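To start, the structure under review is shown below, and the notes come after it.
Just so it is clear, none of the values below were taken in a lab; they were calculated from the coordinates. On a predicted model such as this, the values are computed, not experimentally measured, just so you know. Every residue, glycine as well, gets a Cβ built from its backbone with ideal geometry; the counts of neighbours run over all protein chains shown.
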Amino acid sequence: MSTSVTCIAPVNIAIIKYWGKRDDDLILPINDSISVTLSTDHLRTKTTITAGPEISKNVLRLNGVEESFENPRIQRCLQEVKRIAKASGKCSKPEMLEWNVHVESENNFPTAAGLASSAAGYACFVYTLATLYGVESEELSGIARMGSGSACRSLHSGYVQWARGERADGSDSLAIQLAPASAWPDMHVLILVVSDRKKATASTHGMATSVKTSDLLKHRASVCVPERVKLVQKAIAEKDFDTFGRIAMKDSNQFHAICLDTYPPCFYLNDVSRSIIRMVDQINNLAEPNLAPVKVAYSFDAGPNACLFLLEKDVPEVSAIVRRVFPFTGTSAEEYYKGIPNDEAAMAAIPPTVLDSFAPEEPNLLRYIIHTKVGEGPKRVD
Ligand SMILES: Nc1ncnc2c1ncn2[C@@H]1O[C@H](COP(=O)(O)OP(=O)(O)OP(=O)(O)O)[C@@H](O)[C@H]1O
Ligand SMILES: C[C@@](O)(CCOP(=O)(O)OP(=O)(O)O)CC(=O)O
């Protein structure tokens, strides 16, 4: 009789980016990173794993298409979860560990487009396997890390730090929670999807070239990141949005500067991304140029899509400005505005003098917008 388990796992977006490995095989980073786990209500990977004596070979299907199970990262995660399951002796059906598995995984957001699909994907794969085999272990974050570095952070809810670690075997390179999602409940996130196409340079390849060729990357890892990590930890503990947002933007900018400092360079931002950066800058300077606290902050992973962080009180104003700068002329508003519904009344109350100071771009530059919040870690859903 086969056994099946279905789980979901979240996306996480780094505030302090991971970019560069000190060990490519174990996936050990050259610097610490800090991320925010997003709600699975809106973005999630869902994975069903079935183990059975009748399954003749291991199969992995991603978004309905069969992928190679020979992928060393997938193999590694499977072996490691099985190893812990055997060692713990807690698997309710030990014979299951000898059976093949059928993995069916689906992302409800763009895959390989710079929205952390590998993070949610590998976190979900490892968590679902662990649930299937009855494993509960601190080591799961280290196993997810061997699937994709950023995946170790998706095993936790809220605000998460992945420690670089010192040991050569990677045993201290794990993710820990800094604060639960509930610690800062008014933190909201708007994802402006500029492109849902697969990016030209995969993160794994881009960061390997950066490690080989970028001098700026060395300075970032040794000087900038250690300082920023302390500041962001404090900003999260004190709910200091100004510092949180300012560092998020500076770190995103520095990551993309390293991409340009890489030879040959990798380009992840496009003209629309840069218009978003200008819009955010204008919003933050509306009240008192260069003096007002940050109201909204952007962060871009390895792709053109923007993740905007803002507090609940500013959502109507920022959403109205986004709507003004990036007009949408399509018919299906449900396909365009996803996630938490817009508060239309509050948006209508934004003074026209504020909106008029923003120049509209040409219509339909954004594919769609997802309004979400900080959220919980993986969970079983079947
Ligand atoms: N649900 C999933 N299950 C297993 N593997 C997945 C899943 N989703 C994505 N992946 C793997 O992750 C790869 C994409 O990773 P990549 O780092 O290139 O993009 P990304 O994670 O979307 O962007 P970024 O990490 O820069 O935010 C896919 O090609 C696939 O191999
Ligand atoms: C820009 C990033 O999103 C890069 C993520 O890289 P991956 O975790 O996808 O890379 P691999 O470890 O090679 O799988 C920054 C971040 O999430 O910290």
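Points to keep in mind about this one:
- Pairs of Cα atoms farther than 17 Å apart, segment 159-297, %: 70 percent
- For the peptides 56-65, 279-288, the ranking by packing is 279-288, 56-65, with the highest mean count of neighbouring Cβ atoms within 10 Å listed first.
- Rounded to the nearest 500, the 222 nm mean residue ellipticity of the chain from helices alone is -10000 deg cm²/dmol, with -39,500 (n - 2.57) taken per DSSP H run of at least 4 residues.
- The chain, relative contact order in percent, only Cα pairs under 8 angstrom and at least six apart counted: 23 percent
- Signed unit charges on C-beta, dipole axis of segment 3-185, positive-most listed residue 3, 113, 161: 161
- Beta bridge orientation in the chain: antiparallel %, DSSP, nearest 5: 90 percent
- Peptides 334-342, 112-120, 348-356, 7-15 ordered by packing proxy, namely the average of other Cβ atoms within 10 Å per residue, highest first: 7-15, 112-120, 334-342, 348-356.
- Among beta bridges that DSSP assigns inside segment 187-373, antiparallel share in %, nearest 5: 85 percent
- Globularity index of the chain is 1.00 (Cα radius of gyration / 2.2 N^0.38 Å, N = number of residues).
- Straight-line cross-link partners of residue 338 among the aspartates and glutamates, defined as a Cα under 17 Å from its Cα and at least 8 positions apart when in the same chain: 41, 196, 312.
- Measuring between alpha carbons in the structure, the pairs from 313/373; 230/295; 57/82; 46/379; 17/230 lying more than 19 angstrom apart are 230/295.
- Under the convention that each Lys and Arg Cβ holds +1 and each Asp and Glu Cβ holds -1, the size of the dipole of segment 3-185 around its Cα centre is about 160 debye.
- Rounded to the nearest 20, the Cβ-based charge dipole of the chain about its Cα centre (Lys and Arg +1, Asp and Glu -1) stands at 640 debye.
- Calculated log₁₀ intensity ratio I(q)/I(0) where the Debye formula runs over C-alpha points of segment 187-373, q = 0.13, 0.17 Å⁻¹: -0.74, -1.19
- Protection proxy ranking of 28-38, 368-378, 67-77, 228-238 - average other beta-carbon atoms within 10 Å, highest first: 28-38, 368-378, 228-238, 67-77
- Angle between the chain longest axis and helix 315-325 axis [Cα atoms, degrees, rounded to 10]: 70 degrees
- For segment 3-185, with +1 on Lys and Arg beta carbons and -1 on Asp and Glu, the positive-most of 101, 35, 68 along the dipole: 35
- For segment 205-359, the relative contact order works out to 20 percent when only alpha carbon pairs closer than 8 Å and six or more residues apart are counted.
- The angle between the Cα long axis of helix 225-238 and the longest principal axis of the Cα atoms of the chain comes to about 80 degrees, rounded to the nearest 10.
- Here segment 187-373 is treated with +1 on each Lys and Arg Cβ and -1 on each Asp and Glu Cβ, and its dipole about the Cα centre works out to around 680 debye.
- Cα-based helix-to-principal-axis angle, 203-213 vs the chain, degrees rounded to 10: 80 degrees
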